Amino acid sequence: MMESFDWERLGDIALGRENLGTEMPVIVYRLLQYTMRDELVARYGEGVATEVLRNAGYRAGISFCRNVIKERGSFNSFIADVQKQLKRLKIGIFRVEKADINNMKFVLTVSEDLDCSGLPVSGDTVCDYDEGFISGILQEFTGQRFAVQEVDCWATGDRTCRFVADRI
């Protein structure tokens, strides 16, 4: 039984998927995410489901940063590497709209993201996992914890997801 996540447990995808390759359609990711969310809500309620997804995203963001992001110099070079890797892996198009480095406050966007781009408008933000993911990335670079909140989402009628990140 797996006790805790480790990057190595992702395995050698190219070796294991010799014929199908390393990529899959976004619909498969969303099928997993939204059925998992529904099951969590049914068993534990909306609040716990949101917390679980946010915490999973946080752990993923830290691990992603440690294993994929190589640039650790300036904030600008770090963000440039994050942007490059998120685009390369087709996770989304990441941008920094505002950065107050002295106070550790940021406004960040992710366009064409895996979680919600193209969803019908529901009026609710849905990118809980992304909130955690961004929090983990920022913590890994700065060494400080962040509260990240999605304030705009495709599912609320916006065409990009916008997140406010504040140091805790």
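The values are calculated or read from the model by the stated rules, or taken from the named source; none is laboratory data. Predicted model only: the values in this text are computed from it and were never measured. Glycine gets a Cβ as well: all are built from the backbone with ideal geometry, and neighbour counts include every protein chain shown.
Arg88 passes every criterion in (1) buried (at least 19 other Cβ atoms within 10 Å of the Cβ); (2) more than 14 Å from the chain's Cα centre (by Cα) apart from (1).
Applying a threshold of 6 Å to beta carbon distances and a minimum spacing of six or more residues, or different chains, the list of pairs starting in the range 63-89 at a residue that is under 13 Å from Phe133 (Cα atoms) and in a helix (DSSP H, G or I) and ending at one that is modelled with pLDDT under 95 and of a type in the set (A, V, I, L, M, F, W, C) reads Ser63/Trp7. Filtered by the rule that a residue be closer than 17 Å to Ala60 by Cβ and of a type in the set (Asp, Glu), the range 109-168 gives Asp113, Asp115, Asp128, Asp130, Glu131, Glu140, Glu150. Taking the criterion of being part of a loop (DSSP other than H, G, I, E, B), surrounded by 13 or more Cβ atoms within 10 Å (Cβ to Cβ) and touching a Lys or Arg at 6+ places or on another chain (Cβ under 6 Å), no residue of the range 142-158 qualifies.
Do the conditions hold for Leu108, that is, is it crowded, with 20+ Cβ neighbours inside 10 Å, among the aliphatic types (A, V, I, L, M), within 14 Å of the chain's Cα centre (by Cα) and assigned to a helix (DSSP H, G or I)? The answer is no for Leu108.
Among the criteria (1) outside any helix (DSSP H, G or I); (2) over 30 Å from Asn102 (Cβ atoms), the one Ile27 does not fulfil is (1). Exactly one residue among Arg159, Arg167 is farther than 17 Å from Gly92 by Cβ and of a type in the set (Lys, Arg), and that residue is Arg167.
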